[in-house]
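Peer 1: Sending over a structure as structure tokens; questions will come in a sec.
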Amino acid sequence: MSHSHEPLATLSNINLQFGSTQVLQQVTVEFHRGCITTLIGPNGAGKTTLVRVLLGLQQPTSGVVWQQPGLRIGYMPQKLQIDKTFPLTVKRFLETSQCRDKSKMRSALSDVGAQNLWKQSIHDLSGGEMQRVMLARALLRDPELLVLDEPVQGVDINGQLELYSLIERIRDQRGCGVVMISHDLHLVMAATDHVVCINQHVCCSGHPEHVTNDPAFMELFGPRGAEQLAIYNHQHNHRHNVHGDIVTSHNCEHH
Amino acid sequence: MDSFLIYALIGGLGVAAIAGPLGAFVVWRRMAYFGDTLAHSALLGVALGFLLEINLNLAIIACCVGLSLLLVSLQRQHLIATDTLLGIMAHSALSLGLVAVALLEIRLDLMAYLFGDLLAIGPQQLLWIYGGGALVLLLLYKLWQPLLAITINEELAKVEGVKVGRIRLSLMLLIAMVIAIAMKIVGLLLITSLLIIPAATARRVASSPEQMAIGAAVCGCLAVTGGLLLSWYGDTPAGPSVVVIALLLFIASYLLPLRQPA
């Protein structure tokens, strides 16, 4: 499947300061159609803040945020804190998006493998189920760019692998661009085309294999983290989908 | 039955019907203390109304809205924890109100403002309750979907195109209006209970936000009816009686074995 790698959104020379704390420093990132870009970095590195800038939820101190005119963004926040007193089924949750089309909601749910959750209370979902439902909600907008803040948070290893391959499948089917935040190292690397390593500024960026050999990456995650990745890359030169089939590698070159 | 009792019942039912659905939002968004703070400022609004010689209901609404705007801007500064801020504002507003009433030498029945005077409702107040109430419910109906959306997650709602700031402000305005309307019934010290207790009771049986909103209105109406009966036969103060019945309904709902709602 071929994708045109036109840029969907660009952040140029973003600086952000909270009081005397420099949160983002001269960050420049491009997000492309059909390309999975992963923002990776330690806690407090400014990944979520960068995404908030991209979404227009946070005004940068300086720098330019460009989005393709009329760009449809599907957003999946890090965590929803819905009060237990709020009676809400998955169906009703999806209805509170701007979408009014029931059959579309059902097909979005089945796209993420959660069609059986339609009548479930949102408070009874497991971590993985909740992530899928939130992903379905993001899909309701027919996004050209999916923005996922730690999409595998609170999910066990197997569930993480499944979610990452689900995200890849969505990208393949819809040809949308994907931006995700992660701070786990090895799993995400397999499911991404482009890695941007952030610690207030962009430490390094590029193809996953290229990035893991970058000295700046070694410095950020330490030799152990880099070593783990090297082992992982060595053992896995292909990817599996949910059913264990080998998925052909998808390369995204836009440099 | 005496006419004042009929007026009290009609007025009380009207207030309960408005307070229920809004109370649901107060519970979902954990705004109980916020509602209490606004209610405490109502007396300041009364004093202001006397001073400027404007309609007291309007003065109360203006005062509540002013206070919520002040609160939002102070919250943004992150100078102090929100619950501390609310505590400071609630009691200062009430004290300022009491001092202002004394300084201006306004003659008013303080107990009626603090604890409500359900039995003193006349046709004039009924007009306010039902006119204002209809406006509140109409706005609530119009804003229902975006209000639910910002209750789930404000940032998600914003990305999805909801005007979050405007909707949040509207909710504050609606709560301010309900406080102005409900003050006559249960008094400013007890208003929050009329918002929260019926909604919390309805949660036990509701499996959708709409069911909870309507359920809260029904529970509120039951509490008003029961409270008036208690007041009539037991010669107890009307406002607190309504709250006591609401509490009994709440306890009963948690003692009864029910299926697990959504």
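The values are calculated or read from the model by the stated rules, or taken from the named source; none is laboratory data. What you see is a predicted model, and the numbers here were worked out from it, not measured in a lab. Heads up, the Cβs are rebuilt from the backbone with ideal geometry, glycines too, and the neighbour counts pull from every protein chain shown. Areas reflect the complete protein model, heavy atoms only, side chains present, ligands, DNA and RNA absent. Shrake-Rupley method; radii C 1.70, N 1.55, O 1.52, S 1.80 Å.
Peer 1: Only one of these is among the basic types (K, R) and assigned by TED's automatic domain parsing to the domain that holds A:E129: A:K84, A:K47. Name it.
Peer 2: A:K84
Peer 1: Look through B:V27, B:V65 and report the one residue that is of a type in the set (V, I, T) and at pLDDT below 90.
Peer 2: Residue meeting the stated conditions: B:V65.
Peer 1: Now, a different point. Quick check on segment A:118-129. Is at least one of its residues within 25 Å of A:V211 (Cβ to Cβ) and not in a helix (DSSP H, G or I)? So that I can check it myself, show each step before the final result.
Peer 2: Keep residues of segment A:118-129 that are within 25 Å of A:V211 (Cβ to Cβ), which gives none.
Checking segment A:118-129: not a single residue is within 25 Å of A:V211 (Cβ to Cβ) and not in a helix (DSSP H, G or I).
Peer 1: Which residue is farthest from the other protein chains (Cβ to nearest Cβ), if the candidates are limited to segment A:103-138 and must be within 13 Å of A:V152 (Cα to Cα) and out of contact with any helix residue (DSSP H, G or I) (no Cβ under 8 Å at 6 or more places or on another chain)?
Peer 2: A:S126
Peer 1: From the list A:A108, A:A45, which residue is closer than 21 Å to A:E168 by Cα and open to solvent by less than 50 Å² (accessible area, probe 1.4 Å)? Reasoning before the result, please.
Peer 2: Working: A:A45 fails: closer than 21 Å to A:E168 by Cα.
When all the criteria are applied, what remains is A:A108.
Peer 1: Also, I was wondering about something else. If you check B:I10, B:I18, B:I54, B:I6, which single one turns out to be more than 14 Å from chain A (Cβ to nearest Cβ) and not in a helix (DSSP H, G or I)?
Peer 2: After ruling out the rest, the residue left standing is B:I54.
Peer 1: Residue under question is A:K84, and the condition is that it be out of contact with any Ser or Thr (no Cβ under 6 Å at 6 or more places or on another chain), within 14 Å of another protein chain (Cβ to nearest Cβ) and in a loop (DSSP other than H, G, I, E, B); does it hold?
Peer 2: Numbers: out of contact with any Ser or Thr (no Cβ under 6 Å at 6 or more places or on another chain): yes; within 14 Å of another protein chain (Cβ to nearest Cβ): yes; in a loop (DSSP other than H, G, I, E, B): yes.
Yes, satisfied.
Peer 1: In segment B:23-47, which residues are under 10 Å from the mean Cα position of the chain (by Cα), within 14 Å of chain A (Cβ to nearest Cβ) and either closer than 21 Å to B:L135 by Cβ or without any contact (Cβ under 8 Å) to a residue 40 or more places away in the chain (or both)?
Peer 2: B:G23, B:V26
Peer 1: So A:Q160 ticks every box in (1) away from chain B (no Cβ under 14 Å); (2) within 12 Å of the chain's Cα centre (by Cα) but one. Which box is left unticked?
Peer 2: (2)
Peer 1: For segment A:98-117, which positions are closer than 21 Å to B:S208 by Cα, part of a loop (DSSP other than H, G, I, E, B) and among the small types (G, A, S)?
Peer 2: Result: A:A114, single match.
Peer 1: Taking the stated definitions as given, is B:S68 hydroxyl-bearing (S, T, Y), away from chain A (no Cβ under 14 Å) and open to solvent by less than 50 Å² (accessible area, probe 1.4 Å)?
Peer 2: So B:S68 fits the description; yes.
Peer 1: Could you tell me which residue of segment B:97-109 is surrounded by the most Cβ atoms within 10 Å (Cβ to Cβ), considering only residues that are of a type in the set (A, V, I, L, M) and closer than 17 Å to B:G187 by Cα?
Peer 2: B:V101
Peer 1: Considering B:A206, B:A200, which residue is facing another protein chain (nearest Cβ under 9 Å) and modelled with pLDDT under 95?
Peer 2: Every option except B:A206 fails the conditions.
Peer 1: Tally time: how many residues in segment A:26-42 are assigned to a loop (DSSP other than H, G, I, E, B), open to solvent by 10 Å² or more (accessible area, probe 1.4 Å) and under 28 Å from A:A108 (Cα atoms)? Let's see the steps before the verdict.
Peer 2: Start the filter on segment A:26-42 by keeping residues that are assigned to a loop (DSSP other than H, G, I, E, B), which leaves A:33-35, A:41-42.
Applying the additional criterion that residues be open to solvent by 10 Å² or more (accessible area, probe 1.4 Å) yields A:33, A:42.
Restricting the remaining residues to those that are under 28 Å from A:A108 (Cα atoms) gives A:33.
The number of residues fulfilling the criteria is 1.
Peer 1: Does B:D83 qualify as being over 24 Å from B:G66 (Cα atoms), open to solvent by 50 Å² or more (accessible area, probe 1.4 Å) and either of a type in the set (D, E) or within 14 Å of chain A (Cβ to nearest Cβ) (or both)?
Peer 2: Against the criterion (over 24 Å from B:G66 (Cα atoms), open to solvent by 50 Å² or more (accessible area, probe 1.4 Å) and either of a type in the set (D, E) or within 14 Å of chain A (Cβ to nearest Cβ) (or both)), B:D83 does not qualify.
Peer 1: Can you name the residue in segment A:139-148 that is charged (D, E, K, R) and away from chain B (no Cβ under 11 Å) and, of all such residues, is farthest from the chain's Cα centre (by Cα)?
Peer 2: The extreme case among them is A:D142.
Peer 1: Which residue is surrounded by the most Cβ atoms within 10 Å (Cβ to Cβ), if the candidates are limited to segment A:53-78 and must be part of a loop (DSSP other than H, G, I, E, B) and facing chain B (nearest Cβ under 9 Å)?
Peer 2: The selected residue is A:P77.
Peer 1: In segment A:93-109, how many are among the small types (G, A, S) and under 20 Å from the mean Cα position of the chain (by Cα)?
Peer 2: Of the residues in segment A:93-109, 2 are among the small types (G, A, S) and under 20 Å from the mean Cα position of the chain (by Cα).
Peer 1: Let me ask something else. Could you run through segment A:140-166 and say how many residues are in a helix (DSSP H, G or I), surrounded by fewer than 23 Cβ atoms within 10 Å (Cβ to Cβ) and touching a strand residue (DSSP E or B) at 6+ places or on another chain (Cβ under 9 Å)?
Peer 2: 2
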